[in-house]
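Okay, structure first, notes after.
The values are calculated or read from the model by the stated rules, or taken from the named source; none is laboratory data. Note that the structure is a prediction, hence the values are computed from the model and not measured. A quick note on method: Cβ atoms are made from the backbone with ideal geometry, for glycine too, and the neighbour counts reach across all protein chains shown. Note: areas computed on protein heavy atoms with side chains; ligands, DNA, RNA excluded. Shrake-Rupley method; radii C 1.70, N 1.55, O 1.52, S 1.80 Å.
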Amino acid sequence: MAIRQRIYEIIEVDDNGNTLSRIYDVIMMCAIGASIVPLAFKEQSVWMSNIDRITVVIFIIDYLLRWLTADIKTGNQKSLLLYPFTPMAIIDLLSILPSLTILNGSFRLLKIFRLLRSCRIFKVFKLIRYSKSVNMILTVFKKQKEAMFTIGSLALAYVLISALVILNVEPDTFSSYFDAVYWATVSLTTVGYGDIYPITTIGRIITMVSSVFGIAIVALPAGIITAGMMEEINKTE
């Protein structure tokens, strides 16, 4: 138990000056960053394969250590059985599976994991565990979930209603309701790709009005998140 307790203290993100824990966190963040590099290249070279081999071994060790100490974190023995089904454990596993074919290409059954190659992007989400800033943002979202849900509902209603209006105003420009929803979403985010746009005077007026409301809706969550972040930062000081 003492050994597992010590392992838990090392692998968990530490705020109390534990040197080994901080070294472990740095190693894991470097491994995550290195594992993402090959994703930027279409063709895999030898050095990319070597990076994948090394980082996946590190991820497997980390996964097993966290599984081994899951009950210490929660204080419940059942956690040892439930850990593989927790969100972060699933992310860890999905980031590992696509690389298993590189570790051992002789097993043909493992080649099925190549279908999960796109899951390598899940390695990015492992940074959540080691980033204080990301955890702070997640805390803000949890505390402001009701306000964020209200804004999200407002944005969804805006998109659906705007799409319905523009579809009936310009049926020749928008061939389907999906096209209208796409246009409304682009207008809401003020991106403005310009691939689908109204051509009549009424349609353009609706677009201008929608864009103004869109800016207001987009600004609301930014203000809430900023206020929440400032509150969390003040707590840590």
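Annotations
- Rolling a 1.4 Å probe across all protein chains gives residue 32 an accessible area of roughly 0 Å².
- FRET efficiency for residue 48 and residue 213, using Cβ-Cβ distance with R0 set to 45 Å, rounded to 0.05: 0.45
- Here is the list for the range 1-82: GluC sites (Glu not before Pro) lying in DSSP coil, each with at most 15 other C-beta atoms within 10 angstrom of its C-beta, are 43.
- Inter-site label distance for residue 134 and residue 4 at 7 Å from Cα along Cβ, in nm: 2.7
- Per-residue accessible area (protein heavy atoms, 1.4 Å probe) orders 67, 47 as 47, 67, starting from the largest.
- Taking θ as phi - 60° and the Karplus parameters 6.51, -1.76 and 1.60, the scalar couplings of the range 194-210 work out to x, 7, 10, 8, x, 10, 8, 5, 4, x, 5, 5, 4, 5, 4, 5, 4 Hz in sequence order, x denoting glycine and proline.
- By accessible area with a 1.4 Å probe, ligands and nucleic acids excluded, highest first: order of 82, 65, 160: 82, 160, 65
- Candidate residues 83, 193: accessible-area rank, largest first, probe 1.4 Å: 193, 83
- Low-density loop cleavage sites - trypsin sites (Lys or Arg not before Pro) in the range 1-82, where at most 15 other Cβ are within 10 Å (DSSP): 42, 78
- Heavy-atom accessible surface of residue 19, to the nearest 10 Å², is about 90 Å², with a 1.4 Å probe and all protein chains retained.
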